[in-house]
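Notes to accompany the following structure.
Laboratory data are not the source of any read-out in this text; all were calculated from the coordinates shown. Just so it is clear, the model here is predicted, and its values are computed rather than measured. So basically every Cβ, Gly included, is an ideal-geometry build from the backbone, and we count neighbours across all protein chains shown.
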Amino acid sequence: MLPLRSSCQGVITNIFMVGSLKLHPFDLIQYMSGYALLQMGLVLAANGTLSNVYIHLRDNAPPSTYAAMIVNGSTAFFLNIVSFLANKKTSPLAMNIGGITKQVLAIILGIVIFATPMTVYTSAGVGITIVGIVWYTSANFREKQAQRAKQQVADDMDKHTAAQQQQQQLPLYHKPDATATNHTKQHASQN
């Protein structure tokens, strides 16, 4: 369910930032943060986490906890700005591929650093995901190469057409005007 929500969020964000609205990332965060706070607050209140966090912060949280919360919130804010700017420059699909790549790297690092046991299902899932990422990346690369080649051919054709038009505008041979030649001869004979 989470990948579906993440995909929908990427597509909707792209629509707001690139579509007819063309919102700046700060405006998008301003409009979205209130709804996100409401959704998060309802979920945390429903499962009891909100009251537990309040009790913990009230009773035994040192001042460093509040500083850590401020740093965490600021980091999340700037991460959202960077994410929105990246989403504006790429497609939602590319953003999702990046997110999946990040998850695969987290799994691999968890296995390497924390000696997490590797199951057959984990191996199969990571393997299939890596194959899919490589497949998407190579297809995207081939598509961009084809577009560049097509653009290069169009540019070359434009340059060739412009050169032909310039050649047609230049006279091949300029015959001197007979009256001008006679006038020059008369002027020379008078002197």
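For region 48-87, what class follows from the C-alpha gyration tensor (a ≥ b ≥ c being the square roots of its eigenvalues): rounded when a/c is under 1.5, otherwise prolate if a/b is larger than b/c, else oblate?
oblate
Please say if region 1-51 is rounded, prolate or oblate, where rounded means a/c under 1.5 for a ≥ b ≥ c the square roots of the C-alpha gyration tensor eigenvalues, and otherwise the choice is prolate for a/b larger than b/c and oblate otherwise?
Taking the square roots of the gyration eigenvalues as a ≥ b ≥ c, region 1-51 is oblate.
Could you give the angle, 0 to 90 degrees to the nearest 10, between helix 92-114's Cα long axis and the longest principal axis of the Cα atoms of the chain?
With rounding to tens, the tilt is 50 degrees.
Quick one: helix 2-18 against the long Cα principal axis of the chain, what's the angle to the nearest 10°, folded into 0 to 90?
Compared with the principal axis, the helix lies near 40 degrees.
Say we join alpha carbon atoms closer than 10 Å with springs in a Gaussian network model of the chain; which of 37, 93, 85 then has the biggest fluctuation?
37
Taking the chain as the reference, fit the longest principal axis to its C-alpha atoms, fit the long axis of helix 120-169 to the helix C-alpha atoms, and give the angle between the two in degrees, 0 to 90, nearest 10.
Between the helix axis and the principal axis of the chain, the angle is about 20 degrees.
Most mobile of 62, 92, 25 per a Gaussian network model of the chain (Cα springs, under 10 Å)?
The residue with the greatest mean-square fluctuation here is 62.
Under a point spin-label approximation (7 Å from Cα along Cα-to-Cβ), what is the residue 30-residue 51 distance to one decimal in nm?
3.7 nm
Could I have the simple spin-label model distance between residue 113 and residue 39, label points 7 Å from Cα toward Cβ, reported in nm to one decimal?
Computed distance between label sites residue 113 and residue 39 equals 2.8 nm.
Taking square-rooted eigenvalues a ≥ b ≥ c of the alpha carbon gyration tensor, is region 1-89 rounded, prolate or oblate, where a/c under 1.5 means rounded and, failing that, a/b exceeding b/c means prolate?
Prolate, because a/c is 1.5 or more and a/b exceeds b/c.
Could you tell me the calculated FRET efficiency between residue 133 and residue 85, based on Cβ-Cβ distance and R0 = 22 angstrom, to the nearest 0.05?
Given R0 = 22 Å and the Cβ-Cβ separation, E is 0.45.
How far apart, in nm, are two points set 7 Å out from the Cα along the Cα-to-Cβ line at residue 66 and at residue 105?
Using points 7 Å along Cα→Cβ, the separation is 3.6 nm.
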